[in-house]
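The values are calculated or read from the model by the stated rules, or taken from the named source; none is laboratory data. Model, not experiment: these values are computed from the prediction. FYI the Cβ positions are ideal-geometry reconstructions off the backbone, even for glycines, and counts take in every protein chain you see.
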Amino acid sequence: MDTLITKRLSKNFGGIKAVDEVSITVKKKTITALIGPNGSGKTTLFNLISGFYEPDNGKVLFLNKDITNLNSHQIANQGLVRTFQIVKIFRNLSVLENMLVAPKRDYGDSFIKTITNFKKSIKEEKEAYDYTNDLLNLLELSHLKDEYAGNLSGGQLKLLSLGLALMRDPEILLLDEPVAGVNPTLANKIFDILINCRDNFNKTFFIIEHNMDVVLDFSDLIYVMNRGKIIAEGPPKEIFSNRGVIDAYLGVD
Amino acid sequence: MVLHPLVFLLLGIGTFILIYAILALSLNLQQGYTGLPNFGLIGFYGIGAYATASMIVQGINPIIGIILGMIIATVFGIAITLPAIRIREIYFAIITIAAVEIIRIIIRNEKAIGGEYPQLGIFNIPLLFGLDYEMHKIVSFLLLMLVVICIYLILQFIIYSMPFGRVLKAIREDEDAVKALGKDPVRYKLIAFSIGAIIASFAGSMWILTQRAITPDGIMPLWTFMIWIMVLLGGMGNNKGVIMGAIVITGIQQIVHELKFYIPTELLDNNQIISLTWTSIGILIVVVLIFLPQGVIKEPKICGNDVEKTIKNVNRGIKGWIRLLLRG
């Protein structure tokens, strides 16, 4: 089943075609990678899908629903959650509070409903708190629970932002360079967590990544972008022997 | 009953402090927690003050004036923030300052709102509950004390025990991240701004009831900056801190103001003493910003313990509720 489909999605910035008629399909329970040189439009594509930019043309379908014209927060509420290349977390809050901001709450999200159903909202809080503790254990961040998020190291920040996204229990997760600047051991650990989520919780991942080793090892399907266009798609082995991809991205040796 | 002059003086200073404390708490919710730099705070106070004053002058129950002020402040707050709420902080600040200047100028020139002599303001508001002057002072002080405590507890409850308060802080830290987590920052900001506007308007109503006069000069932008100084001094994002800021700044102002009776005019005349107030506050704020950029009291960090306490206390009946309310 297809979780995410874009149809001829386009975005221009002035005269530059940042994303040019991109049509991709992300299948359920896969880790799909998006690679390409800097400035090829990968992050712009993510911004278009997640509602941070409005596309000039084309459509985004998520679980067969048209989400093209929804706001970013509405899209996130449908179960499509993204992370950012430059980690966006809440620096002056504790790690625990960061995590507790994330979950979708039936009562706690509304001011009036929290006051009128305070006990239920606290029940939600308890569930969220227990889930947070489990997730922090999984991400090996539980010892930093009460630390300011701003004091975390680069790799830990990546883990925390992944944790924030997982708190929402999303259908599909769009990760923008989840292991950039992360040491190989931690990078492997992050991808182990993703694979665990894919296999045991039926999650889908769409990932921008420059680290070819992990892309080769862990992804099920790769899209290659160059100058706003998709120039190749296929399983990792095929992609890495594709002449066009080697010219555009990997370099000619 | 004859009060000792010193008690009388302290009661007067106390009422000033408490009214400023309400305004500082309101600004702290908007700027300290949500990151909405409201440079028009005093305008919302003016709305409350004038709504209450004109109702009293027309012989209508002041409670109607208070409620009317709150409603107008909320509507006005939403009207100016809705178009401005998506833009960056500094532009938001400019829009708020411009909007409330419009209010001040209208009040200054419109007889229907500003009384018979709008430039002079509204005065001759009767004493509270028909009390005599001294009892009025005492009751005013106690009433304001009660109001400040209630507002403080409500705000602490929003920040500590409601997920809503946590999202406000998150919006201050990073709005895009909040959007990516499926929360609509605009909605949260509007609610936070409206609560702040209601509190500020209430402060204006309380001013009328206790001080019994308002002039258009009382809602000059200068007073907004005074409240900003209180919040900066006490510590943004800390309700205790901003109350302390109100005590210190208003205290300095009033004490220097009193000094004029004891300093010979040959040494310093009245204007020089007032300038001395501003100079001392200016020096204080510079010192604080250099050595304690986060204010005297930092924003409290909420840890696992705090969340566990909330969860536990809810199931402990009334005792737990009291503990929840009195926390922080």
From the residues in the range A:114-150 that are assigned to a loop (DSSP other than H, G, I, E, B) and closer than 21 Å to A:THR83 by Cβ, which one is nearest to the other protein chains (Cβ to nearest Cβ)?
A:LYS145
If a residue has to be in contact with a helix residue (DSSP H, G or I) (Cβ under 8 Å, 6 or more places away or on another chain) and within 19 Å of A:LYS28 (Cα to Cα) to count, how many in the range A:50-65 make the cut?
5
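Quick grid of which residues meet (1) assigned to a helix (DSSP H, G or I); (2) of a type in the set (S, T, N, Q); (3) buried (at least 24 other Cβ atoms within 10 Å of the Cβ):
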site: B:GLN31; (1), (2), (3): yes, yes, yes
site: B:TYR50; (1), (2), (3): yes, no, yes
site: B:ALA73; (1), (2), (3): yes, no, yes
site: B:PHE76; (1), (2), (3): yes, no, no
site: B:ALA79; (1), (2), (3): yes, no, no
site: B:ILE105; (1), (2), (3): yes, no, no
Are any residues in the range B:299-320 more than 9 Å from chain A (Cβ to nearest Cβ) and either surrounded by fewer than 15 Cβ atoms within 10 Å (Cβ to Cβ) or β-branched (Val, Ile, Thr) (or both), and if so, which ones?
B:LYS312, B:ARG316, B:GLY317, B:ILE318, B:LYS319
Give me the strands (runs of 3 or more DSSP E) completely within the range A:151-253, filtered to those with at least 3 residues that are within 14 Å of another protein chain (Cβ to nearest Cβ) and modelled with pLDDT of 90 or more, ordered by residue number.
A:172-176
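At least 1 residues that are charged (D, E, K, R) in each: list the helices (runs of 4 or more DSSP H) lying fully within the range B:198-302 that qualify.
Filter on the range B:198-302 gives B:239-259.
Conditions (1) modelled with pLDDT of 90 or more; (2) under 25 Å from B:ILE105 (Cβ atoms); (3) crowded, with 21+ Cβ neighbours inside 10 Å, marked per residue:
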{"residue": "B:PHE164", "(1), (2), (3)": "yes, no, yes"}
{"residue": "B:ALA170", "(1), (2), (3)": "yes, no, yes"}
{"residue": "B:VAL178", "(1), (2), (3)": "yes, no, yes"}
{"residue": "B:LYS183", "(1), (2), (3)": "yes, no, yes"}
{"residue": "B:ILE191", "(1), (2), (3)": "yes, no, no"}
{"residue": "B:GLY196", "(1), (2), (3)": "yes, yes, yes"}
{"residue": "B:ALA203", "(1), (2), (3)": "yes, yes, yes"}
{"residue": "B:GLN211", "(1), (2), (3)": "no, yes, no"}
Residues in the range A:27-38: is at least one assigned by TED's automatic domain parsing to the domain that holds A:LYS203, more than 16 Å from the chain's Cα centre (by Cα) and farther than 24 Å from B:ALA177 by Cα?
yes
Taking the conditions exactly as written (buried (at least 24 other Cβ atoms within 10 Å of the Cβ) and not in a loop (DSSP other than H, G, I, E, B)), does B:PHE92 satisfy them or not?
no
Within the range A:39-95, residues assigned to a loop (DSSP other than H, G, I, E, B) and among the aliphatic types (A, V, I, L, M) come out as A:LEU63, A:ILE67, A:LEU70, A:ILE86, A:VAL87, A:ILE89, A:LEU93
Being part of a helix (DSSP H, G or I) and more than 8 Å from chain B (Cβ to nearest Cβ) is the filter; apply it to the range A:99-113 and report the residue that is nearest to B:ALA177 (Cα to Cα).
A:MET99
Residue under question is B:GLY234, and the condition is that it be within 23 Å of B:ILE80 (Cβ to Cβ) and in contact with a Gly (Cβ under 9 Å, 6 or more places away or on another chain); does it hold?
no
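Condition check ((1) at pLDDT below 90; (2) more than 25 Å from A:ALA149 (Cα to Cα)) across all residues:
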site: A:ALA33; (1), (2): no, yes
site: A:GLY39; (1), (2): yes, yes
site: A:LEU80; (1), (2): no, no
site: A:LEU96; (1), (2): no, no
site: A:ARG105; (1), (2): yes, no
site: A:ILE122; (1), (2): yes, no
site: A:GLU125; (1), (2): yes, no
